[in-house]
Amino acid sequence: MKISIAIIGAVIGLISGGPIGAVVGFLIGMYIEYAGSEDAQPRPEQTYRQAPPTDFSRHLLILIAAVMNADGSAMRSELELVKRMLVRTYGEQRAAHLLLILREMLKEKQEVTFVSRQIRGEMAYSQRLELLHILFRISRADSDINPSELQLLQHIASQMGITTPDFLSLRAMFVSSPDSDYKILDVNTNADEEEVKKAYRKMAMRFHPDRLLGLSDNEKKAAEEKFLSVQKAYENIKRKRGWS
């Protein structure tokens, strides 16, 4: 599969929609490339369910639909967030087409386990982590992530091969709790100052854009939001425990 359109989509998405736009732009670009091939042209009666299993855009929409329906109904705030994300990434016309597909998907139960496992085999770990980050943002579009949404996100993370510490750290960035700052740093609440500093340095090295050697500018920018959460968590712990 050629990836030129996917790369262009990622660049356009990054410029217009930031890190999330880059991820979505890349996935949609891969969809466009496949859809443009002779073998992939659908017949008029073909539905989205008959799309090829390697269609990353379809996989993305399936997970989005599942997350939106996790609490029993798709909220308007969630749909608006997805719409803005798609429009910024690929323009009004393409976004309108993808939203029509999404609306159909919202009417049915989605094959989350299968799709998540497919993504695990097709995407790099860092990309899967960014995808999970997008799903968390959609879940919180209505200012709350309820238990059913969290349970689904945990299942998706597990099937995509996301480690438990990474899931808990990412969850703590969106779900506030007394120990959220500690979970973000992946350290126990009774950790001493040296242990917290060590955990912070480890996470900073992992997410700081300037330290992510070998990654593209897009991937470095995608790490900025996580790094800021890590930095904020460390500062909160220092303040609460009176460390200088």
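The values are calculated or read from the model by the stated rules, or taken from the named source; none is laboratory data. These figures come from a predicted structure and were not determined experimentally. A quick note on method: Cβ atoms are made from the backbone with ideal geometry, for glycine too, and the neighbour counts reach across all protein chains shown.
Brief remarks follow.
- Members of the range 153-196 that are of a type in the set (D, E, K, R) and either without any contact (Cβ under 8 Å) to a residue 12 or more places away in the chain or on the phi > 0 side of the Ramachandran plot (or both): D179, D186, D192, E194, E195
- Of the residues contained in the range 148-165, none is found to be among the acidic types (D, E), modelled with pLDDT under 85 and in the same structural domain as M68 (by TED's automatic domain parsing).
- In the set (1) modelled with pLDDT under 85; (2) assigned to a helix (DSSP H, G or I), L215 fails one condition alone, (2).
- Any chance S139 is modelled with pLDDT of 85 or more, crowded, with 21+ Cβ neighbours inside 10 Å and not acidic (D, E): yes
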